[in-house]
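Enquirer: First, the structure itself, so that you have it in front of you.
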Amino acid sequence: PLGLAATNQSINRYGTRYAKYVFDENLRRLAKPEKILTPLAETSVWWQPFVYETPREGEAEQLVVNLLNIPQQATPKKEQDKHPKWDMSPGAAPFSLRLTLPAGYTATGANFINPFTLAVTPAAMQADQVAVPAVGKWLVLVVDLTVAEHTPTLAAQFGPPRTFGVQRD
C-alpha cells in the first residue's frame, strides 16, 4: 500500500510541501494521545496512532493530528485484483475534539490541511474544543501551542518510552 502512495502525485505534493509534518525525523509520536485529545461524539475517524509533536522552537511547538476515514475492517472487492478497490465509507460526520493540555501548554490556534488539495483552513476553536469538519479520506489538524519554559514535552509525558541512550537492566 505504501508503494502505491508513492505514485500518487497529490500525496507527493503534500509530503514535499509539508515535510515538517510528515518526514521530519524529529517528530515525536504520542503513544497515549487520548490523554490530551477526546472526541466529544462517537466517530469512525481513525486518529490515535497518528498524533505527533513537532520540535520545540523557543516557546512554540505544534500538535499534528492525522484524521483518517478509512475502512478499518474492509476487504477488497476482488481478492485477485492487483489494485483492489476498498469499500470506502462516504465520509465521517463532523465532530469535536476536546484538548486537555497539561500545565504549561496553551493552544493558540489551529488549522486543517487537506493533503489532496493543500488547502489550509482555520479550525474553529472555542475554549478547549476544536470543531472537526466531515473527513472524506484524510485531513490533518495542526494545533499551535505556546509552552512555558522548562515544561516537559508532550512526547516525554505521553509518548513511547525512550529506549535510545537509556541503560537497560
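Enquirer: Tell me yes or no: at least one residue of the stretch 115-128 is over 13 Å from V65 (Cα atoms), touching a residue at least 40 places away in the same chain (Cβ under 8 Å) and open to solvent by less than 50 Å² (accessible area, probe 1.4 Å).
Expert: Yes, because at least one residue in the stretch 115-128 is over 13 Å from V65 (Cα atoms), touching a residue at least 40 places away in the same chain (Cβ under 8 Å) and open to solvent by less than 50 Å² (accessible area, probe 1.4 Å).
Enquirer: Would you check if T100 is farther than 23 Å from V22 by Cα and modelled with pLDDT of 95 or more?
Expert: yes
Enquirer: Which pairs do you get when a residue that is in a loop (DSSP other than H, G, I, E, B), found in the stretch 140-154, comes within reach of a residue that is open to solvent by 10 Å² or more (accessible area, probe 1.4 Å), reach meaning Cβ atoms under 6 angstrom, with the pair 6+ apart or on two chains?
Expert: Short answer, once both residue conditions are applied: A148/G104; T151/G104.
Enquirer: Here's a follow-up. Under 6 Å between Cβ atoms, at least 6 apart or on separate chains: pull out the pairs that start in the stretch 1-27 with a residue that is over 21 Å from R56 (Cα atoms) and end on any residue that is open to solvent by 60 Å² or more (accessible area, probe 1.4 Å) and at pLDDT 75 or above.
Expert: S10/F116
Enquirer: Also, quick follow-up: Can you pull out the residues in the stretch 25-48 that are under 15 Å from A131 (Cβ atoms) and either open to solvent by less than 60 Å² (accessible area, probe 1.4 Å) or in contact with a helix residue (DSSP H, G or I) (Cβ under 7 Å, 6 or more places away or on another chain) (or both)?
Expert: Result: L37, T38, P39, A41, T43, V45, W47.
Enquirer: Among the candidates K82, K20, which residue alone is modelled with pLDDT under 75 and not β-branched (V, I, T)?
Expert: K82
Enquirer: Related question: Considering each residue of the stretch 8-24, count those that are aliphatic (A, V, I, L, M), part of a helix (DSSP H, G or I) and surrounded by 15 or more Cβ atoms within 10 Å (Cβ to Cβ), and give that number.
Expert: Matching residues across the stretch 8-24 total 1.
Enquirer: Limited to the stretch 109-139, what total is found for residues that are in a strand (DSSP E or B) and within 29 Å of S10 (Cα to Cα)?
Expert: Number satisfying all stated conditions: 16.
Enquirer: Which of the numbered conditions does F112 fail, given that it passes all the others? Conditions: (1) within 20 Å of T43 (Cβ to Cβ); (2) open to solvent by 40 Å² or more (accessible area, probe 1.4 Å); (3) not aliphatic (A, V, I, L, M).
Expert: For F112, the failing item is (2).
The values are calculated or read from the model by the stated rules, or taken from the named source; none is laboratory data. Owing to the predicted nature of the structure, the values given are computational and were not obtained by experimental measurement. Backbone-built Cβ (ideal geometry, glycine too); neighbour counts: all protein chains shown. The protein model used for the area step is the full one, side chains on, heavy atoms only, and it has no ligands, DNA or RNA in it. Shrake-Rupley method; radii C 1.70, N 1.55, O 1.52, S 1.80 Å.
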